[in-house]
Structures are given as C-alpha cells and as structure tokens.
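Asks: Have a look at this one before I ask anything.
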Amino acid sequence: MTALGARLGRLLRRPRARALPVASVQVELTNHCNYACRLCPQSRRGRDNAPLAPYDRPRGFMEPGLFREVVAQAARCANEINLSFFGEQTLHPRFEEYMRVLAGRPASLRVVLNTNLSRLTRHTFALFREMRLDDLRLSIDAATSRTYDLVRPGAQVLDLDGAPATGDRFRAIRAKAEYWFALPGHTPTRHVFPVSSANRHEMRDFADFWLPRLGPGDLILFKNVLTYGGKVDDPMIQDAPCNAWDQDMLTVAWDGRVTPCNLDTNLDLAIGSVLERPLEELFRGPERAAARARARDRDAPPCSTCRDSNNWSRNIALRQGDAWREEIALVFRDPRCGGPARPGEAPCPG
C-alpha cells in the first residue's frame, strides 16, 4: 500500500460513533441502471461473460414496507445506511418518498448516497439538504465528453430543471456537479474517479478542474477499478487480498435478500432475507460465518473468481487546498504503457 493510500484509509475509516455491531447497511433501492458503464457488470448483463463470472440477477424495486423495515432495523444495529449496491438508486419511482422517510431517522444514523447524477435536479439537491444527507458520492469518471461517453455510455440525462438535457451529456452532468459544489453548506461530497486504462490519461485534468470547486468537507478520490467478484477486467486491475469481511457491513438487495459482501452483485453469498430474520440476527448468525469460510476457501462464486476484492491500496484523496502531484500519476501506471499518465497523453490501446 502506498503512503498516500494508507493515509486515506485512516481518513475514510473514521471511528464509529456508536458501539453497534454493523458498521454499514448497504441498501439497494433498485438494481436498475440507466448507464452501461464500460467497467461495470451492468454492461455485461444478459451476455455470455465467459471466462469472467456472469451477472444475471433479476431486476426490481424495493417495496415501501420493506424499505421502512430495513431503516428501522438499521437504526437499531448499524451506524450507517448506504444507498447503493448495484443500480442507480435515484431511478426508484418512490425515491423522494424514501428520502423523506430517512429524514425522520435518528440523528446517530448516517445516510450515504452514491449516484451518477443523471436524474438529479435542483429539487433533488434541495431534498438532500432537507433530509440531512450525511455523505454524497458522485461518479463522473472523466474530464472530457469523449472519455465520458466511452467509459459511461447511457441514456439521456435530466438538466437541473428536470427537463431532458439536449446535446452533450457530459456537459449537463458536469453543470449539475458544479451547481452542487457551489451551494453554501452542501453535504460533504466524495467525487470518485475509478482509474482505468480508458480514463487514466485524464486524471490531472479532472483534478485541476474540480479542486478549486471543492468545499471544506469534500474530496476527490482516485481509486482502482474493481472486478466486482471477477465480472469485469482491465489492465489496471491488480490482485489484492480479500478485505470484504473487515468492513462489518451487510447489503440488503431490493428483494430483501442479504449478503455480507459488498461485491457480491449476484448474491451468491446470500445468508438469508430480512423478510424472514432481523438484520442483527443475520449478522451474528451461523450463515454469515459459513459464508466467510466459503470465501476463505474460494470454493464458490464470487470468491472463486474474485482476485482484487475492494482494492484500496492505491486510493489517493485530494481535498480543498491540495494540488495535483506527479506522484499520483506514478501510482496509477498502466502496465502496458510502462509509465505514468501525462497531461494530454492518449489512452493506451484497448
């Protein structure tokens, strides 16, 4: 692990506010997505993904009663709800209703949201502030329209007023992020840039554009792309030991099934359903221990095809007042190129 990566790990893994067993409950409102990102299993859905692992889990939306029950249980046993897992959560038809449910949560329960910004509007941003969102995580992954369309192809996006954006999707998305960062007192925001062979050449341009726009609680996070349990591949991916069990988290899929691994996108390690047993019981129960043993032995998916887990060894964060440093580019070498990304450098072939 780099010194910068180790420093980021200390910053991002803050001490728990309460002595509760579960650090985070990842709640999947939906696994529908309006994008087919190049290095996401969503782009491989319904295709023969051999020799990589398949992603073929049914799609759906979490029902209101189930959502309310998950929130109530998380408030008793967890420090955080993270709205994410494997879809664009803002696509849920009841997204605003669910955000208002979370507005009534205990103050001790943090709420995090991951989004591609495609459906966000002024109204949505105001809702985030109203319901006291604790942490917003954005994914743009590019500094130019050309690279954005390459790494994040997808459907038409909405503009700030909620109308279909005309013309360049990237410019519409960037305008919304700029609007958010300019709002006084906005929720602390993590601007995530997963570095792949397709976008590594834009790291510096991305940092140079966004660093002046960060607020005191914001950060840019450069991180390694992941295989998601062996479902995608890229030359930038590095082997790494499993660390999923160190996170003390549970993931609740849209249908109520629970997995202890945040990379288990096909729910191969499911340990039960919150419709049948409480979250804390599932966390402490023998099924989770058995799943951990299977993961250790790598005798079943996703562990049998996972080579990188949550590889945070190259994570680098930049905050307000920081500047780009060439050592960052040196950390993210493409092995086919034999050198660091340089300003204006063309992507490597492939």
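Asks: Based on what the data block shows, is I316 within 30 Å of E69 (Cα to Cα), surrounded by 15 or more Cβ atoms within 10 Å (Cβ to Cβ) and hydrophobic (A, V, I, L, M, F, W, C)?
Replies: In short, no.
Asks: Continuing with the same structure: Kindly provide the set of residues from the range 192-223 that are open to solvent by less than 10 Å² (accessible area, probe 1.4 Å) and touching a Pro at 6+ places or on another chain (Cβ under 7 Å), ordered by number.
Replies: If the condition is that a residue be open to solvent by less than 10 Å² (accessible area, probe 1.4 Å) and touching a Pro at 6+ places or on another chain (Cβ under 7 Å), then S197, A198, D218 are the ones that fit.
Asks: Okay, next question. Consider S118 carefully, then state whether it is in a loop (DSSP other than H, G, I, E, B), among the hydroxyl-bearing types (S, T, Y) and under 25 Å from A182 (Cβ atoms).
Replies: Here the answer is yes, as S118 does meet what is asked.
Asks: In the range 158-167, is there at least one residue being without any contact (Cβ under 8 Å) to a residue 12 or more places away in the chain, touching a Leu at 6+ places or on another chain (Cβ under 7 Å) and open to solvent by 10 Å² or more (accessible area, probe 1.4 Å)?
Replies: Taking every residue of the range 158-167 in turn, at least one turns out to be without any contact (Cβ under 8 Å) to a residue 12 or more places away in the chain, touching a Leu at 6+ places or on another chain (Cβ under 7 Å) and open to solvent by 10 Å² or more (accessible area, probe 1.4 Å).
Asks: Farther than 30 Å from A182 by Cα, touching a strand residue (DSSP E or B) at 6+ places or on another chain (Cβ under 6 Å) and modelled with pLDDT under 95: is that true of L269 in this structure? Can you show your working first?
Replies: On the way: farther than 30 Å from A182 by Cα: yes; touching a strand residue (DSSP E or B) at 6+ places or on another chain (Cβ under 6 Å): yes; modelled with pLDDT under 95: yes.
So L269 passes the test.
Asks: Assuming L127 fulfils every condition listed in (1) in a helix (DSSP H, G or I); (2) modelled with pLDDT of 95 or more; (3) open to solvent by less than 50 Å² (accessible area, probe 1.4 Å); (4) farther than 24 Å from P93 by Cα apart from one, which condition is it?
Replies: L127 satisfies every listed condition except (4).
Asks: Count, please, the residues in the range 246-273 that happen to be open to solvent by 10 Å² or more (accessible area, probe 1.4 Å) and closer than 12 Å to V27 by Cα.
Replies: 5
Asks: To continue, here is another question. Scan the range 296-350 residue by residue and report those that are of a type in the set (A, V, I, L, M) and modelled with pLDDT of 85 or more.
Replies: To start, the set of residues in the range 296-350 that are of a type in the set (A, V, I, L, M) comprises 300, 316-318, 323, 328-331, 341, 346.
I316, A317, L318, A323, I328, A329, L330, V331 - these are the residues of the range 296-350 that are of a type in the set (A, V, I, L, M) and modelled with pLDDT of 85 or more.
Asks: If you don't mind, there's one more thing I want to ask. Return the total of residues in the range 323-334 being surrounded by 14 or more Cβ atoms within 10 Å (Cβ to Cβ) and part of a loop (DSSP other than H, G, I, E, B).
Replies: Residues in the range 323-334 being surrounded by 14 or more Cβ atoms within 10 Å (Cβ to Cβ) and part of a loop (DSSP other than H, G, I, E, B): 4 in total.
Asks: Ok, one more. Under 9 Å between Cβ atoms, which residue pairs at least 6 apart in sequence (or on different chains) link something in the range 109-128 that is on the phi > 0 side of the Ramachandran plot with a partner that is of a type in the set (S, T, Y)?
Replies: L117/T90; L117/S139
Asks: In the range 21-41, which residues are in contact with a Cys (Cβ under 7 Å, 6 or more places away or on another chain) and either buried (at least 21 other Cβ atoms within 10 Å of the Cβ) or not in a loop (DSSP other than H, G, I, E, B) (or both)?
Replies: Our first condition is that a residue be in contact with a Cys (Cβ under 7 Å, 6 or more places away or on another chain); within the range 21-41, this holds for 21-22.
Matches in the range 21-41: V22 only.
Asks: Does R132 count as closer than 15 Å to L83 by Cα, in contact with a strand residue (DSSP E or B) (Cβ under 6 Å, 6 or more places away or on another chain), open to solvent by 20 Å² or more (accessible area, probe 1.4 Å) and of a type in the set (D, E, K, R)?
Replies: Spelling it out, it is not the case that R132 is closer than 15 Å to L83 by Cα, in contact with a strand residue (DSSP E or B) (Cβ under 6 Å, 6 or more places away or on another chain), open to solvent by 20 Å² or more (accessible area, probe 1.4 Å) and of a type in the set (D, E, K, R).
Asks: Mind checking which residues of the range 231-245 are crowded, with 18+ Cβ neighbours inside 10 Å and within 18 Å of W312 (Cβ to Cβ)?
Replies: Across the range 231-245, the qualifying residues are V232, D234, M236, I237, A240, C242, A244.
Asks: May I pose another question? I'm checking my understanding of the structure. Among residues of the range 58-114 that are part of a loop (DSSP other than H, G, I, E, B) and of a type in the set (D, E), which one is surrounded by the fewest Cβ atoms within 10 Å (Cβ to Cβ)?
Replies: E63
Asks: While we're on this one: Can you tell me how many residues within the range 78-114 are of a type in the set (S, T, Y) and over 19 Å from G60 (Cβ atoms)?
Replies: So the answer is 1.
Asks: If you go through the range 274-300, how many residues are under 18 Å from V22 (Cα atoms), open to solvent by less than 40 Å² (accessible area, probe 1.4 Å) and not in a helix (DSSP H, G or I)?
Replies: 2
The values are calculated or read from the model by the stated rules, or taken from the named source; none is laboratory data. Source: prediction; values computed, not measured. We place every Cβ from the backbone using ideal geometry, glycine too, and count neighbours over all the protein chains shown. Note: accessible area is taken over every heavy atom of the protein model, side chains too, but ligands, DNA and RNA are not part of it. Shrake-Rupley method; radii C 1.70, N 1.55, O 1.52, S 1.80 Å.
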